[in-house]
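The values are calculated or read from the model by the stated rules, or taken from the named source; none is laboratory data. None of the values given here were measured: they were computed from a predicted structure. Backbone-built Cβ (ideal geometry, glycine too); neighbour counts: all protein chains shown. For accessibility, only protein heavy atoms count, side chains too; no ligands or nucleic acids. Shrake-Rupley method; radii C 1.70, N 1.55, O 1.52, S 1.80 Å.
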Amino acid sequence: MAPLSRHRAILLAYGAMIALLLVTSIFSPGFLSPGHLRSIVVLAAFIGIVALGQTFVIIGGGIDLSVPWVLNSAAVLMTLFAAGQDAPLLWIVPLLLAAGALVGAVNGIGIAVFGVPPIIMTLAVNVILQGGILVYTGGSPAAAAPPLIQYLAVGRIGVVPVIGVVWLVLALLASLVLSRTAFGRQLYAVGTSATVATFSGLPTLRTAIAGYTLSGFTAALAGMLLTGYSGQAYLGMGDPYLFTSIAAVAIGGASILGGSGHYIGTIAGAFVLTILTGLLPALNLSNGALLIVYGAVILVTVSVSSDAFADLFAFVRRRRAAG
Amino acid sequence: MAFLEATSVAKRYGGIVALGGVDFAAERGEVHALLGENGAGKSTFIQVLAGSVRPDAGSIRLGGAEYRPADPRAARAAGVAAVFQELSLVPDLTVAQNVWFRREPLSRLATARRSALIERTEALFARYRFPDIAPDREVRRLSLADRQVVEIAKALAGDPSVLILDEATSALAPRETEWLLDLARSFARSGRLVVFISHRLGEVRALVDRVTVFRNGETVGAYPIGAVSDETMIADMLGRRLDRLYPERHATATARLALKVRGLSAGAALKNVDLDLREGEVLGVAGLQGHGQQALFQALFGALRATGEVEVWGKPVSIRNPRRALSPALGLALVPEDRRGQGLLLSKSVRENLTLSVIPRFSRFGLLSARREKALVDEMIAFLQIKAKTPEQPAGTLSGGNQQKVIFGKMLLTEAKILLLFDPTRGVDVGTKGEIFRLMRDLAAKGYAILFYSSDLSEPVHVADRVAVMRNGAVAAVLAGEAVTEEGILRAAMVERAAA
C-alpha cells in the first residue's frame with residue numbers, strides 16, 4: 001500500500017471512532033460525561049496494551065494467539081507471589097515481564113527458526129500455559145491485587161487516569177520504534193516479504209523473534225495491570241483479549257497479511273471496540289444478541305478497513321484477467 | 001482488407017493514455033512482430049486482442065468480421081489465444097488439467113476424465129513436437145521454463161487461428177526457444193497468424209515476416225522485415241537514435257583476483273566448480289538453462305548451502321547467508337532471478353526499496369535519519385535515472401526496466417564491489433538494456449568485478465570479457481577473446497549431450 005492509502009485507513013479508523021462515540025451518546029445520554037469517558041480510556045488502555053505487541057507481530061507477518069494465557073499467567077502468578085503486598089512487586093514485576101518476553105521469544109524461535117506455522121505455535125503455547133497454570137494453582141487462584149497495581153489500573157492524576165498516562169508513554173514509544181528506527185523498517189520489510197528481506201541481507205529471524213518477544217511482554221504487562229482493575233486475578237480474564245487485540249490491529253488499518261499498519265491506527269481500533277461494548281447494552285439487547293452484533297460489527301469493520309479486502313479484489317480481478 | 005486489422009484503437013486509464021489510437025494490420029500465414037519499449041502500449045494492445053481489456057475507441061476486424069470480444073473466453077471462442085509473460089496456471093493441477101482448464105469435457109467420473117485428458121494432451125504435444133513434459137505432473141513441480149511451455153500448450157489447446165506470444169521466449173532456454181520459434185513458423189505456414197512480442201531483435205529478425213513498432217501508444221512504423229534495419233527499428237522504438245545497444249568493451253581487468261572459487265559443490269546442482277573473477281572484469285556465465293547457473297549464483301550469495309573453497313579478495317571466506325555476503329567484509333551483492341519475488345518489496349516505496357540493504361548507513365543507535373536517507377535515495381535516482389514520479393511511489397507500479405534499476409541502485413548503495421547479476425535484462429526494454437550494459441562496463445572500469453548470467457546468449461558475447469560455460473552443474477569451458485561467440489558457447493554447452 002502506498003503511504004497515502006495507509007494513512008487513509010488510519011484516518012478511517014479515527015472517523016469510525018468519532019462516529020461511534022456520537023451515535024452512542026444519542027442512545028445513551030451521559031455517555032460523554034467525564035467519568036464515562038475516563039472509563040472508556042481505562043478499558044481501551046487494556047486492549048491497547050495487549051494489541052501493542054500484537055501490532056508488531058502482525059506487521060511482521062505473523063499472529064500471536066498465546067496472548068490470553070500469557071496474560072492470565074502473569075495475572076495469576078503476580079497476585080499469588082505478592083499476596084496483596086506492594087513490596088515484593090519490586091522483583092515480581094520485572095520477573096514476570098521477563099517471563100512473558102521469554103514465552104514470546106519461544107514463540108518466535110519456533111516460528112522463525114523451526115518453521116512452525118504461527119497459528120499452531122502460539123496456540124500450542126497458549127494451551128501449554130493454560131495447563132501449567134491449572135496444575136500450579138489447582139484451578140482456584142484467589143488473591144487480591146496489591147494496592148500499587150490497583151492505583152496504576154484505576155487511580156487518577158487529577159482528571160487523568162493513571163493507566164491512560166502509562167498507555168500514552170507506551171504508544172509514543174511504539175510509534176517511534178515503528179516509524180523511526182531500523183528495527184521498525186526491518187519489521188515492515190519482513191512482513192511484506194520474508195524472501196525479499198533475506199535477499200536484502202536483513203536479520204530476518206532476529207526481527208521476527210523480537211516482534212513475538214514484545215507481544216509476550218505487553219500481554220504479561222496487561223495481565224498484571226488488569227488485576228488492579230478487577231481487584232484480583234481469575235482464570236479466563238485474558239480470554240476476550242485474543243479477539244480484541246487482533247481486531248484492534250485490523251480495525252486500525254493493518255493488513256492481516258503483514259507489512260503494513262501502525263500503532264496509531266491500533267489505538268483507534270482499541271477505542272472503537274471499547275465504545276462498541278458500551279453502545280450495545282444501551283440498545284437493550286439480550287446478552288446473546290449482543291455477542292452476535294458485536295462479532296458481526298467487528299467482522300464488517302475489519303473487512304472494510306483492512307487491506308485484506310483490497311487484496312482479495314485484486315486477486316479476483318487477476319484471476320479473471322488470466323481466465 | 002487484412003486478416004486482422006485494428007484501426008485507431010484507443011484506451012485510457014484515468015489521465016494516462018495507454019493507447020492513443022494505434023493501427024495494426026497482419027495477414028494469415030505470417031509471423032508479425034510487435035515491437036516497442038516498455039510502456040509503448042504493446043501489452044494493452046494485446047490485452048485488447050485477448051479480450052481482457054476493452055478499448056475506448058477504434059475498431060478491430062478479424063477475418064472480415066467485426067471483432068469485439070467481451071472477455072478472454074469470447075476471444076478464445078473467436079480463435080484468438082494469447083500467451084502472456086505472467087503465467088495463469090493453477091499450481092496444484094496437473095499439466096493436462098491446466099492445458100484443458102475450463103475446456104475439460106464435463107464428465108462426472110474424474111478417472112475417466114483424467115485418462116482422456118492425458119491422451120488429448122499427449123496428442124497435442126505430439127502434434128507440435130513439445131519438449132518432454134509428463135502430462136500428469138503437477139504444475140508446481142515444474143521449472144519456470146516448463147511452466148511457460150505448458151502455458152503455450154494451453155493456448156494451442158483451443159486450436160486458435162491467431163496466436164499471440166508476449167515475451168514467451170524470455171523464460172526459455174536456447175533449445176526450447178528454438179523449438180518455439182519453429183512452432184511459430186509452422187503455425188503461420190499453415191495459414192494462421194502469429195503475433196510475436198520480444199525484446200530480442202535477433203529473434204525477431206530470424207523469425208518474423210513483418211514488424212509493427214509502437215511508441216508512446218502510437219503506431220510509428222510497419223515494415224516487411226527484409227526492408228528494415230535494426231537501427232531503424234531501435235530508432236523507431238526509442239524516438240531517438242541509440243548509437244548502439246552494446247557499449248565499447250575495453251579490457252579493464254587487472255591481475256588481482258576478486259573471487260576465487262575452488263570445488264564449489266551443492267548436491268546435484270553444482271559439481272566442483274572452479275572460477276576466477278578478476279578486478280575490473282565482466283565474467284559471463286552461460287549454458288543451457290538449468291545447468292547450475294542459478295545454483296552457482298545462489299551459493300556465492302549464501303542463499304544455497306554449498307561446499308568448497310571461496311576466496312574473496314584473497315581471503316578465504318564462508319558465505320553462510322545473504323546477510324554475510326552483503327556485509328562490508330565480503331561485499332558480494334546479487335541482482336536476483338525473480339525481480340518481483342526476491343528483489344523488490346512491490347508495495348513499498350522506491351525509497352524504502354533502495355535503502356533496504358543499507359539501513360545502518362543512515363541510522364545511529366538504531367534511529368533512522370530521514371535526511372541522510374533522502375540524500376542516498378536522491379543520489380541513486382539521479383545516477384541511474386530512475387523514472388519515478390516521486391521516491392514515495394510504490395516500486396510495484398514502475399515499469400520493468402525501472403524496477404530493475406531500483407534493484408541495481410539497492411545493490412550499488414551497499415558498496416559491494418563484487419556484483420552477481422542473474423539475468424538482469426530479462427523483460428527489460430531495449431533502452432534500459434543499453435543503459436544496464438553501459439553501467440556494467442563503467443563499473444568494471446572502476447574496479448568492480450562482475451559475474452553476469454543472461455538467458456539471452458548474445459548478451460555475454462557482447463558485454464563479457466570471458467564466458468564460463470556451464471554443463472551439468474560444472475564449468476565445461478571458459479571462453480576468452482575470439483572464442484566468445486554464440487556458436488562457441490552453444491558448442492561447449494551441448495557437446496556432451498551430442499555425444500550421449
(request) Go through B:81-92, B:323-334 and give me the packing order, highest mean Cβ count within 10 Å leading. (result) B:323-334, B:81-92
(request) From other protein chains only, count the Cβ atoms within 10 Å of every residue's Cβ in B:345-352, then give the mean. (result) 5
(request) Determine which aspartates and glutamates satisfy two conditions relative to B:Lys348: a Cα distance under 20 Å, and not lying fewer than 8 residues away in the same chain. (result) A:Asp307, A:Asp311, B:Glu337, B:Asp338, B:Glu373, B:Asp378, B:Glu379, B:Glu392
(request) Would you look at the GNM of chain A, springs on alpha carbons closer than 10 Å, and say which of A:Pro146, A:Pro68, A:Pro34 moves the most? (result) A:Pro34
(message) Skipping prolines and chain starts, which residues have an amide H placed within reach, meaning under 5 Å, of the one on B:Ala18, given they are 5 or more residues away or on another chain?
(response) B:Lys11, B:Arg12, B:Tyr13
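Ignoring ligands, DNA and RNA, what percent of the 1.4 Å accessible area of the range A:3-322 is carbon and sulfur?
Of the solvent-accessible surface of the range A:3-322, carbon and sulfur hold 75 percent.
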(request) State in Å² the accessible area per residue of chain A; use a 1.4 Å probe, count heavy atoms of protein chains only, and round to the nearest integer. (result) 42
(message) Is the C-alpha gyration tensor of the range B:257-499 telling us rounded, prolate or oblate? Criteria: a/c under 1.5 is rounded; beyond that, a/b larger than b/c is prolate, otherwise oblate.
(response) prolate
(message) How many angstrom lie between the Cα centre of the range A:11-33 and the Cα centre of the range B:314-345?
(response) 52
(message) Looking at chain A as a GNM with Cα springs under 10 Å, which of A:Thr277, A:Thr192, A:Thr213 has the largest mean-square fluctuation?
(response) A:Thr277
(request) Output ³J(HN,Hα) for the range B:431-444: one whole-Hz value per residue in order, computed from phi by the Karplus curve 6.51 cos²θ - 1.76 cosθ + 1.60 with θ = phi - 60°, and x for Gly and Pro. (result) x, 5, 3, x, 4, 5, 4, 4, 4, 4, 5, 4, 5, 4
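Could you work out what % of the accessible surface of the range B:257-499 is carbon and sulfur, using a 1.4 angstrom probe and leaving DNA, RNA and ligands out of the count? Don't skip to the answer; put the middle values down first.
Working: 4780 of 9340 Å².
On the range B:257-499, the fraction of accessible area on carbon and sulfur atoms equals 51 percent.
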(message) From the protein chains alone at 1.4 Å, what is the descending order of accessible area for B:Lys389, B:Lys348, largest first?
(response) B:Lys389, B:Lys348
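Sort A:204-211, B:60-67 for me by packing, meaning the mean count of neighbouring Cβ atoms within 10 Å per residue, highest on top. Write down the numbers at each step before the final one.
Working: A:204-211: 22.6, B:60-67: 15.2.
Per-residue mean Cβ counts within 10 Å order the peptides as A:204-211, B:60-67.
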(request) Write down the accessible area per residue of the range B:4-238 in Å², having rolled a 1.4 Å probe over the full set of protein chains. (result) 43
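Can you give the charge dipole size of the range B:1-78 about its Cα centre, rounded to the nearest 20 debye, using +1 on the beta carbon of Lys and Arg and -1 on the beta carbon of Asp and Glu?
280
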(request) Check each residue of the range B:316-340 and keep those whose accessible area, probe 1.4 Å, is at least 30 Å² smaller with all protein chains in place than in the chain alone; give them in order of residue number. (result) B:Pro322, B:Arg323
(message) Can you give me the C-alpha center-to-center distance between the range B:365-435 and the range B:201-277, rounded to a whole angstrom?
(response) 20
(request) For the range B:413-500, give the share of DSSP beta bridges that are antiparallel, in percent and rounded to the nearest 5; count only bridges with both residues there. (result) 55
(message) To check my understanding: the extent here is largest minus smallest coordinate of the Cα atoms along each principal axis. What are those three numbers for chain B, in Å, largest first?
(response) 69, 54, 48
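If DNA, RNA and ligands are ignored and the probe is 1.4 Å, what is the ranking of B:Glu486, B:Glu281 by accessible area, most exposed first?
Working: B:Glu486 75, B:Glu281 5 Å².
The residues order as B:Glu486, B:Glu281, largest area first.
In peptide A:199-210, how many Cβ atoms from other protein chains are near each Cβ within 10 Å, on average?
Numbers: counts 18, 20, 17, 6, 2, 3, 2, 1, 0, 0, 0, 0.
Counting other chains' Cβ atoms within 10 Å and averaging over A:199-210 gives 6.
Cross-link list B:Lys11/B:Lys42; B:Lys410/B:Lys446; B:Lys315/B:Lys433; B:Lys154/B:Lys405; B:Lys410/B:Lys433: which exceed 23 angstrom alpha carbon to alpha carbon? Show your work: numbers first, answer last.
Values: B:Lys11/B:Lys42 12 Å; B:Lys410/B:Lys446 18 Å; B:Lys315/B:Lys433 34 Å; B:Lys154/B:Lys405 33 Å; B:Lys410/B:Lys433 18 Å.
Pairs exceeding 23 Å: B:Lys315/B:Lys433; B:Lys154/B:Lys405.
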(message) How many Å² of accessible surface get buried when B and A come together, counting both sides, probe radius 1.4 Å, rounded to the nearest 100?
(response) 2500
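Averaged over its residues, how many other protein chain Cβ atoms are within 10 Å of peptide A:175-182's Cβ atoms?
That average works out to 3.
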(request) Go through B:Tyr13, B:Leu49, B:Ala153 and say which Cα lies farthest out towards the positive end of the charge dipole of the range B:4-238; charges sit on Cβ, +1 for Lys and Arg, -1 for Asp and Glu. (result) B:Ala153
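Once the convex hull of the alpha carbons of the range A:120-250 is built, what does its volume come to per residue, in cubic angstrom?
On the way: hull volume 17.7 nm³, N = 131.
Measuring per residue, one finds 135 Å³ for the Cα hull of the range A:120-250.
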(request) Quickly estimate the mean residue ellipticity at 222 nm for the protein assembly as shown, helices only: each DSSP H run with n ≥ 4 gives -39500 (n - 2.57), and the total goes over all residues, rounded to 500. (result) -16000 deg cm²/dmol
(request) Please find, in a Gaussian network model of chain A (springs between Cα atoms separated by less than 10 Å), the residue of A:Phe46, A:Phe243, A:Phe199 whose mean-square fluctuation is greatest. (result) A:Phe199
(message) Once each part is reduced to its C-alpha centroid, what is the distance from the range A:54-126 to the range A:274-295 in angstrom?
(response) 30
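As an exercise, use a Förster radius of 56 Å and the Cβ-Cβ distance of A:Phe114 and B:Arg68 to find the FRET efficiency, rounded to the nearest 0.05.
Values: r = 56 Å, r/R0 = 1.00.
Step by step, r from the Cβ atoms, then E = 0.50.
Would you work out if the range A:3-322 is rounded, prolate or oblate? Take a ≥ b ≥ c from the square roots of the eigenvalues of the alpha-carbon gyration tensor; rounded if a/c is under 1.5, else prolate when a/b is larger than b/c, oblate otherwise. All intermediate terms of the calculation are to be shown ahead of the outcome.
Values: a/c = 1.68, a/b = 1.14, b/c = 1.48.
Oblate shape, in that a/c is at least 1.5 and b/c is the bigger or equal ratio.
Return one whole number: the accessible area per residue of the range B:257-499 in Å², for a 1.4 Å probe. Write down the numbers at each step before the final one.
Numbers: 9340 Å² over 243 residues.
About 38 Å² of surface per residue is accessible.
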(request) Collect residues whose amide H, placed 1.01 Å from N in the peptide plane, falls under 5 Å from the amide H of B:Val195; neighbours closer than 5 in sequence don't count. (result) B:His32, B:Leu163, B:Ile164, B:Leu165
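Please work out whether the range B:1-120 counts as rounded, prolate or oblate from its C-alpha gyration tensor, where a ≥ b ≥ c are the square roots of the eigenvalues and a/c under 1.5 means rounded, while otherwise a/b larger than b/c means prolate and anything else oblate? Please report the intermediate quantities before stating the final value.
Details: a/c = 2.44, a/b = 1.94, b/c = 1.26.
It is prolate, given that a/c is not under 1.5 and a/b is the larger ratio.
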(message) If I compute solvent accessible area with a 1.4 Å probe over the protein chains, what percent of it on the range B:4-238 is carbon and sulfur?
(response) 48
